[in-house]
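The values are calculated or read from the model by the stated rules, or taken from the named source; none is laboratory data. Since the model is a prediction, treat every value here as computed from it, not as a measurement. Don't worry about glycine lacking a Cβ; one is built from the backbone with ideal geometry, like all the others, and counts go over all protein chains shown. To get the accessible areas, we keep the full protein, side chains included, count just its heavy atoms, and leave off ligands, DNA and RNA. Shrake-Rupley method; radii C 1.70, N 1.55, O 1.52, S 1.80 Å.
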Amino acid sequence: MMRHTLRVFLVMFFPVFLFSQETGKIAGTVTDEATGEPLVGANILVEGTSFGAATDSEGKYRILGVPASTYAVRAEFIGYRPVRISNVRVSSRLTTDTDFALTSEALELGVVEVVAERPLINPSATNAIRSISSEQIANFATRNVADLFSIQPGVVIHNGMLHIRGSRADEVGYELEGASTKAIVRGGAIQAGQQASTAELGGGGAFNLGSVIAEALEEVSIQSGGYTADLGGANAGIIQQKLKTGGQSMSGSVLYETDALAPALGGDETFSYGATDFTATLGGPLLSNRIRFFGAVQRLHTDDFTPQFWFGADIADKALLPDLIGGITPSGDSVSFSWGDGDISDNSSFAKLDSTIINAAQNKRVSDVTNFNGTLLFDFNPLVIRVGGALNSSTTQVNSLPLFRMFNDRLPERKRSSSLINVKGTMFLSSTTLINVNVNRFSRLAEIYDPNFDHGSVADILEWGDSTLVADKGPEDKDGNPLWVYKNEWTPPDEFNVAAFRFQRPGDITTGYIKSEQSYIGLNGGLVSQITDHEIKIGFAWRRWTYRQYSFSASAIRSINQQIDFTPALADSFAKENEHAALILRRSRISNIGYDEFGKEITDEDNIDRARHPYNLSFYIMDKIEMDDIVVNA
């Protein structure tokens with residue numbers, strides 16, 4: 001008794017950095033093949049692991065806490081020939097039924113080899129749940145994880161947002177390795193002027209659509225309603241992703257893909273978008289089979305991450321019309337531009353404005369993404385510790401209006417980084433009882449800025465609207481004249497108006513400055529015990545968020561530069577970041593939570609603009625009753 005108490009204490013309080021990872025259960029009966037009588041005390045072993053059990057008085061066995069994967073399961077009993085069943089697929093939160101019929105050794109020697117058949121529907125599922133295994137992922141037509149979701153019944157992806165059963169995108173829950181990756185605020189509801197939107201900052205979770213490496217996934221499961229009490233934070237459905245565990249032998253893979261050869265192989269009707277994908281994996285034992293690792297790294301690049309096909313156009317020497325909405329286009333201007341069929345951002349388009357050639361192939365949405373997924377398993381049964389981690393970093397050129405901005409190469413850039421660290425500790429108190437204790441740590445940072453300028457301070461950001469600095473930062477024509485020319489010190493140039501079609505001119509400001517942080521630390525734990533046909537779960541979950549956001553709109557940049565033009569002494573106030581400058585920023589309606597008016601992080605919890613710390617707390621008691629002809633979740 002004292003020994004068990006010590007184990008519980010160690011699991012509950014010592015592993016402070018433990019995380020949750022979903023597991024499944026293997027159950028069945030062992031009988032005498034000739035008589036059908038149950039075999040009491042037969043040993044069941046999951047090969048390559050320390051998981052196992054013995055049959056009870058009815059010949060039944062249950063193995064709890066088995067990570068989702070494909071295994072070989074072996075049954076042994078004295079006086080009987082061992083039976084080995086391979087291809088046993090364990091899905092998280094479900095029971096895999098595996099029955100054994102053993103024959104007497106007097107009849108035949110050796111081990112009976114059996115390949116398990118996988119049912120189309122798992123009878124232990126009490127809700128609409130669809131599981132996709134690593135084997136199915138490997139055989140899928142594409143390597144985009146989001147495409148796996150989109151082919152499932154009731155799932156639709158529209159404009160990069162996933163919807164289940166017609167739900168809103170923020171009603172879907174996401175988990176990786178059992179830890180939530182769903183942002184508490186969709187993109188922070190931040191805007192920076194009319195050009196930079198919440199969608200450009202990116203809402204939802206960090207590892208939702210495509211940020212997890214396909215080769216690193218062991219299983220993806222999609223639940224559309226009816227999920228159990230230990231899952232929450234969603235109204236429509238939950239998507240769970242589990243990473244692979246290293247095998248008993250060292251193995252790895254390297255993949256490189258590119259579309260650079262597409263024009264050469266496909267002719268004039270095939271286009272390259274500069275897409276490359278380098279992915280490498282490695283996994284296996286580390287020092288011994290009790291310690292195993294798996295890691296996957298991916299590097300993605302594309303010149304246009306949302307390719308669009310356009311039919312060509314040729315407009316020659318069209319006069320610019322008066323702009324009735326935003327002022328008058330300078331008289332005497334004319335424009336001439338053309339492009340061929342294909343992706344407009346990948347063509348040698350050009351425009352001629354008053355004999356000046358302006359490159360129009362400036363609306364590529366360049367993207368660079370780096371992903372890492374990995375796990376580390378310490379199998380020291382009865383204590384098993386699993387460490388999982390995921391990192392994501394991306395830099396993307398934002399251009400949500402490719403035609404409108406086709407002549408303006410001053411485009412914003414979006415940078416996002418996310419991290420998730422998972423460690424799970426499981427203590428097996430007996431073959432039918434275990435305890436889990438977990439701590440969750442997740443972080444998501446996002447930022448949008450003008451990459452042509454610095455953005456380390458408000459004084460730097462104000463330079464985005466300074467006509468002289470804008471002209472210096474921009475390109476020049478063949479005679480050395482700047483192409484980014486403002487109407488005056490703080491007013492961007494008027495838009496082109498070609499036959500009533502408006503196009504933004506080169507050098508016009510396209511974004512304000514935005515940044516946000518959403519992170520949490522959570523604690524959850526529970527007791528799982530199998531009592532005859534009842535699988536009892538008692539547990540709790542707690543999560544505390546930290547939320548910060550800051551936005552400085554493009555209109556505020558214009559307005560403050562206008563004030564500085566009238567009162568040059570204000571420039572010194574912003575350089576010193578004094579109270580006068582802070583007052584002007586507040587009047588300019590900047591948005592700041594967790595940051596002061598100048599974008600500096602606030603650490604004083606008594607400050608009215610401090611970071612927000614919402615939290616969730618829940619408790620649950622569950623009973624999964626699995627009888628021969630009915631399964632009930634209560």
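Please compute the length gained on full extension between Asp32 and Leu282, using 0.36 nm multiplied by the number of residues separating them and subtracting their Cα-Cα distance.
Separation in residues times 0.36 nm, less the Cα-Cα distance, equals 85.8 nm.
Run the numbers for His580 and Asn616: contour at 0.36 nm per residue of separation, minus the present Cα-Cα distance, in nm.
Roughly 9.0 nm would be gained on extension.
Between Phe372 and Ala264, take the C-beta separation as r, use R0 = 35 Å, and let me know the FRET efficiency to the nearest 0.05.
0.60
Can you pull out the trypsin sites (Lys or Arg not before Pro) in the range 476-573 that DSSP calls coil and that have at most 11 other Cβ atoms within 10 Å?
Lys478
When ranked by the protection proxy of mean other Cβ atoms within 10 Å per residue, highest first, what sequence do the peptides 226-232, 45-51 form?
45-51, 226-232
Between Ile625 and Ser393, what FRET efficiency comes out of the Förster formula 1/(1 + (r/R0)^6) with R0 = 45 Å and r the beta carbon distance, rounded to 0.05?
0.45
What's the extension gain from Asn235 to Asn488 if we count 0.36 nm per residue and subtract their Cα-Cα distance?
Net length gain for the segment: 85.9 nm.
Points 7 angstrom from Cα along the Cβ direction at Asn139 and Val40: gap in nanometres?
Those two pseudo-labels are separated by 4.3 nm.
What's the FRET efficiency of Ser457 with Phe311 using the Cβ-Cβ distance as r and R₀ = 60 Å, to the nearest 0.05?
Once rounded, the FRET efficiency stands at 0.85.
Carbon and sulfur together cover what percent of the accessible area of the range 497-599 at a 1.4 Å probe radius?
57
Run the simple label-point estimate for Leu469 and Glu58 please: 7 Å along Cα→C-beta, distance reported in nm.
Once both label points are built, they end up 7.6 nm from each other.
Of the cross-linked pairs Lys424/Lys515; Lys60/Lys244; Lys515/Lys576; Lys473/Lys515; Lys487/Lys515, which ones have a Cα-Cα span greater than 25 Å in the structure shown?
Listed pairs above 25 Å: Lys424/Lys515; Lys60/Lys244; Lys487/Lys515.
List the residues, sorted by chain then number, that are 5 or more residues from Gly178 or on another chain and whose placed amide H is less than 5 Å from its amide H.
Excluding prolines and chain starts, which carry no amide H, the hits are Glu22, Gln241.
Order 25-36, 614-625, 439-450 from most to least packed using the mean count of other Cβ atoms within 10 Å.
Descending mean neighbour count gives 439-450, 25-36, 614-625.
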